[in-house]
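The values are calculated or read from the model by the stated rules, or taken from the named source; none is laboratory data. Remember, predicted model here, so these are calculated numbers, not experimental data. Positions of Cβ are backbone-derived with ideal geometry, glycine not excepted, and every protein chain shown enters the neighbour counts. For accessibility, only protein heavy atoms count, side chains too; no ligands or nucleic acids. Shrake-Rupley method; radii C 1.70, N 1.55, O 1.52, S 1.80 Å.
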Amino acid sequence: MNYSTKQNQHSEETLATYLNELDAKRKTTHLGGGEKKIAKHKSKGKLTARERVNLLLDFPNESIEIGTFTGDEMYKEHGGCPSGGVVVVMGKVSDRLCVIVANDATVKAGAWFPITGKKNLRAQEIAIENKIPIIYLVDSAGVYLPMQDEIFPDKEHFGRIFRNNAIMSSEGIPQIAAIMGSCVAGGAYLPIMSDEALIVDGTGSVFLAGSYLVKSAIGESIDNETLGGASTHSEISGVTDYKCEDDTACLEQIKRLVDKIGENDTAGFNRKPSQSPKESISTIENVFPIDRTKPYDMLEVIHRLVDNSEFDQYKEGYGQSILCGYARIDGWAVGIVANQRKIVKSKQGEMQMGGVIYSDSADKSARFIMNCNQKKIPLLFIHDVTGFMVGSRSEHNGIIKDGAKMVNAMSNSVVPKFSLVIGNSYGAGNYAMCGKAYDPRLMLAWPTSQIAVMSGKSAATTLLQIKISTLKSQGKELSKEEEKELFDEIKAKYDDQLSPYYAAARLWVDEVIKPEETRKYISLGIEAANQNKTDKRYNVGVIQT
């Protein structure tokens, strides 16, 4: 699929078109390696990764998935890697919020591609920063050897997984691993470095080297079951702690183990009974135009996301190109920082463009972010931003100084931060609004979003000017037709990279979600964050004034 298809046709598309595309992509991605691979997998008496996860969860519909589109459109020359070959879900197991990581053995036998490693590290990061249990459902052939140089040796590669196993154990974050299929070589350390390990009889196996490698290395002839099967490790080596007769029995045993885990001291974030928004999210298309060139009132979007559609604005008449205020989402108190997309007029008479951060709005945002840290209120950033205002007036007003102040206040936040991209998220605007580089607990995007340094048209115009200048220095000139052809070519390539699916494939965003799923994701994210009590003091250091 060409990512840029929807990005080039805003005036012709409806929100339903984007949502239908999202549904179709989810359905295809959930098939993993495809129906034939699924049938072969189940013929061995094994459940699929998603079946295992759903059986483990108390209420699958109340869980959230992380990284559905990881690896999307990547590794085509290797047959693809849907969902990065691993399913990651956050949800309740025995009434305890957990992260679940399940290898999808229908995708290259669960082998680890480079993006697989990145997704596993992201899952561990979520467990670490929220101090919630993590459950590994292991069924993997180990590193994908044709790409071993991109997954094996570096700091953020395969070995970091085991380092995290050790760190989490030392920090008291429960880790439970179930060996439900093959578990080979370096991958064997993941379950055994967990606090407790289960193994499924007949299908689970774990060893540093399989029978073929043992034969070639030391000349010993032995089958894999005798070498590293359930009976061997449960009754001879003592490597595993529980032997289970099948997948279902294994998952039931995990539930019983989780049921006994003690509670953490909570962070104490404020929550009251949830109320539905007065303004229904089903009417979002009435106030949120698909054509991103059209202005709209971000306040109308916020009213469709927050409890009882109540939003208490902070400094309402000042710095109006960013909305700041307090609200609740599913009962949780939140501080919202959102780009205003309509044109506003300051009291000094300055007309301010929607989606642009000005000095006054950056100043206001910094102060509001500091207030939320002072009052222990989680932050939600809603992106539809093209960047900071440029030009002599802005520079003379100190836009760099005020922008730095906002970035400083946001970067040093000790309350959990969440980011939601609904429209544009360009350049330094992405940074100031807590893009992925600034450690949001969850980075989410609607299918209408775009994430890049700048828009496709702006990028193509800039790059074309550079190309024309370079050719002129060589004594060459392009005709108007050649200029247009080159412009269209550059723009098409750039537009392709603007897609939220392009970002999701690389885990620049954690998930592409529907507008109606937003409250569930933010609520569960705050509930997870509430499990980690931190005494870290908020300190912005040297701040520009």
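I need every pair where a residue in segment 271-293 that is in contact (Cβ under 8 Å) with a residue 12 or more places away in the chain has its Cβ under 8 Å from the Cβ of a residue that is β-branched (Val, Ile, Thr) and open to solvent by 40 Å² or more (accessible area, probe 1.4 Å), sequence separation at least 6 or different chains. Pairs that qualify, where the first residue is in contact (Cβ under 8 Å) with a residue 12 or more places away in the chain and the partner is β-branched (Val, Ile, Thr) and open to solvent by 40 Å² or more (accessible area, probe 1.4 Å), are 285/14; 290/14. Pairs meeting the criteria (first residue in segment 453-482 and touching a residue at least 24 places away in the same chain (Cβ under 8 Å), second residue among the β-branched types (Val, Ile, Thr), beta carbons under 6 Å, at least 6 apart or on different chains) are 460/490; 463/490. Picking from residues in segment 470-529 that are in contact with a helix residue (DSSP H, G or I) (Cβ under 6 Å, 6 or more places away or on another chain) and of a type in the set (Phe, Trp, Tyr), the one that is surrounded by the fewest Cβ atoms within 10 Å (Cβ to Cβ) is 487.
A search for C-beta distances below 7 Å between a residue of segment 50-61 that is farther than 16 Å from residue 259 by Cα and without any contact (Cβ under 8 Å) to a residue 12 or more places away in the chain and any residue that is open to solvent by 10 Å² or more (accessible area, probe 1.4 Å) and not charged (D, E, K, R), counting only pairs 6+ apart in sequence or on different chains, returns 54/60. Considering 445, 505, 460, the condition of being more than 30 Å from residue 405 (Cα to Cα) and either charged (D, E, K, R) or modelled with pLDDT of 95 or more (or both) is satisfied by 505 alone.
Scanning segment 114-162 for residues that are under 30 Å from residue 263 (Cβ atoms), open to solvent by 40 Å² or more (accessible area, probe 1.4 Å) and among the polar types (S, T, N, Q) returns no hits. When the residues of segment 433-447 are filtered to those that are open to solvent by 10 Å² or more (accessible area, probe 1.4 Å) and touching a strand residue (DSSP E or B) at 6+ places or on another chain (Cβ under 8 Å), the one that is nearest to residue 501 (Cα to Cα) is 436. Apart from one condition, residue 324 fits all of (1) in contact with a Lys or Arg (Cβ under 7 Å, 6 or more places away or on another chain); (2) open to solvent by 10 Å² or more (accessible area, probe 1.4 Å); (3) assigned to a strand (DSSP E or B); the exception is (2).
Being part of a helix (DSSP H, G or I) and touching a Ser or Thr at 6+ places or on another chain (Cβ under 6 Å) is true of residue 495.
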